[in-house]
Every structure is written in structure tokens, then in C-alpha cells.
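The values are calculated or read from the model by the stated rules, or taken from the named source; none is laboratory data. These numbers were taken from a predicted model, which means no experiment stands behind them. Methodologically, a virtual Cβ is constructed for each residue, glycine included, from the backbone with ideal geometry; neighbour enumeration extends over all protein chains shown.
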């Protein structure tokens with residue numbers, strides 16, 4: 001074994017560079033570019049429609065990673081792919097910084113379901129942060145629309161969305177579990 005073996009893998013190095021870029025970005029420039037986003041993701045990044053996620057206070061690295069995934073075609077959504085195709089890396093980083101700078105919003109959730117979901121949430125908090133506010137490349141779940149979260153969990157479970165860790169976790173959840181967890185995270 002070579003004594004100067006690299007400490008970082010290439011994917012980890014790319015993630016670190018992307019994370020640094022997102023934090024060095026310009027939220028004011030992102031605010032100007034965000035006008036196209038507000039129709040779906042709402043003023044101040046709080047969507048009024050559970051079909052689209054809240055972006056307010058979302059992790060900047062997560063936003064940048066998702067926009068890059070849409071741009072490259074790894075993540076599929078015709079509208080988002082069309083929008084992302086016209087964004088440069090600076091635009092992506094600025095948008096990520098802008099939405100991350102906005103105050104968090106709560107989408108709410110059925111109190112009884114949220115109460116049932118709270119004890120189950122521990123399995124999510126290791127990656128998504130102790131308060132479900134996200135953790136770098138892992139998205140903020142706190143305050144997200146419960147119906148949006150259920151849809152995403154179902155998409156991971158059926159393979160529509162690809163991520164081996166999330167597919168394994170979602171695969172172990174019943175629809176009742178998903179609904180309860182989503183209500184809990186939406187209520188935060």
C-alpha cells in the first residue's frame with residue numbers, strides 16, 4: 001500500500017467542493033433568479049400546494065445536488081429538467097443559498113398522526129439531523145408538506161426515485177408508517 005494513499009474518494013471530494021460552492025454563493029443573486037421558482041415553490045419558498053416541496057430553509061447542498069441531478073437527467077421531472085437546463089453552476093449555487101437563507105415554514109400535519117409518527121422518526125434523524133432540519137446533502141424534512149413526503153417515500157419504495165439507503169428504509173415502511181412519519185415531520 002502506498003504511504004500517500006488519498007484520504008478522499010472522488011465522489012466525496014466533489015461533494016465537498018459543491019458544499020463549499022453553495023455556501024460561498026450569493027443569496028441576493030439567487031433571489032433575483034428565483035422568480036421562476038416561486039410559481040410552484042411559493043413566495044419565500046413556502047409552497048401552498050403539496051405537490052411541490054417547500055424550499056425555505058432547505059439545505060443548500062441538497063438544493064444544489066437536486067438541481068444538478070435534474071440538469072443532468074439523473075432525476076426526472078420535465079418541468080424541473082427544463083428549468084435546470086438553463087442554469088449555470090453559479091445560478092444553482094445562488095438559488096441554493098437564497099432558499100437556504102429563508103425562514104423555515106411549517107406545513108402542519110394531523111396532530112394524532114404526528115403523535116404516532118414521532119416515535120418512528122428516530123430512524124430518519126441520523127441522516128436528516130436531530131431536529132429533521134437536514135444535514136448537508138440530506139434534505140430538511142421539518143415543515144415539509146405531509147402529502148409530499150408520503151409521495152416521495154412511495155417513490156423510493158417503488159423505485160421511481162433511486163437512492164439505495166432511502167429505498168431500503170421506505171421498503172420497510174407500511175403506508176400507515178409513511179403517513180404518520182410525514183404528519184410528524186410536517187408538524188415541525
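Only helices (runs of 4 or more DSSP H) whose full extent lies in the stretch 74-188 are considered here, and the ones with at least 1 residues that are touching a strand residue (DSSP E or B) at 6+ places or on another chain (Cβ under 7 Å) and not assigned by TED's automatic domain parsing to the domain that holds residue 55 are 122-128. Of these, 48, 72, which one is out of contact with any helix residue (DSSP H, G or I) (no Cβ under 8 Å at 6 or more places or on another chain), under 25 Å from residue 127 (Cα atoms) and surrounded by fewer than 21 Cβ atoms within 10 Å (Cβ to Cβ)? Just a single option satisfies the conditions, and that option is 72.
Output the residues belonging to the stretch 93-129 that are crowded, with 17+ Cβ neighbours inside 10 Å, under 26 Å from residue 68 (Cβ atoms) and touching a residue at least 40 places away in the same chain (Cβ under 8 Å). Result: 93, 94, 95, 96, 97, 98, 99, 100, 102, 105, 107, 124. The residues of the stretch 148-163 that are in contact with a helix residue (DSSP H, G or I) (Cβ under 7 Å, 6 or more places away or on another chain) and either buried (at least 17 other Cβ atoms within 10 Å of the Cβ) or under 17 Å from residue 114 (Cα atoms) (or both), listed by number, are 149, 150, 153, 156, 157, 161. Would you call residue 57 surrounded by 19 or more Cβ atoms within 10 Å (Cβ to Cβ) and touching a helix residue (DSSP H, G or I) at 6+ places or on another chain (Cβ under 9 Å)? Spelling it out, residue 57 is indeed surrounded by 19 or more Cβ atoms within 10 Å (Cβ to Cβ) and touching a helix residue (DSSP H, G or I) at 6+ places or on another chain (Cβ under 9 Å). Among the conditions (1) outside any helix (DSSP H, G or I); (2) in contact with a strand residue (DSSP E or B) (Cβ under 8 Å, 6 or more places away or on another chain), residue 54 misses just one, which is (2). Is it the case that the stretch 130-140 has a residue that's on the phi > 0 side of the Ramachandran plot and modelled with pLDDT of 95 or more? Among the residues of the stretch 130-140, at least one is on the phi > 0 side of the Ramachandran plot and modelled with pLDDT of 95 or more, which makes the answer yes.
Based on what the data block shows, is residue 64 surrounded by 23 or more Cβ atoms within 10 Å (Cβ to Cβ) and modelled with pLDDT of 95 or more? It is true that residue 64 is surrounded by 23 or more Cβ atoms within 10 Å (Cβ to Cβ) and modelled with pLDDT of 95 or more.
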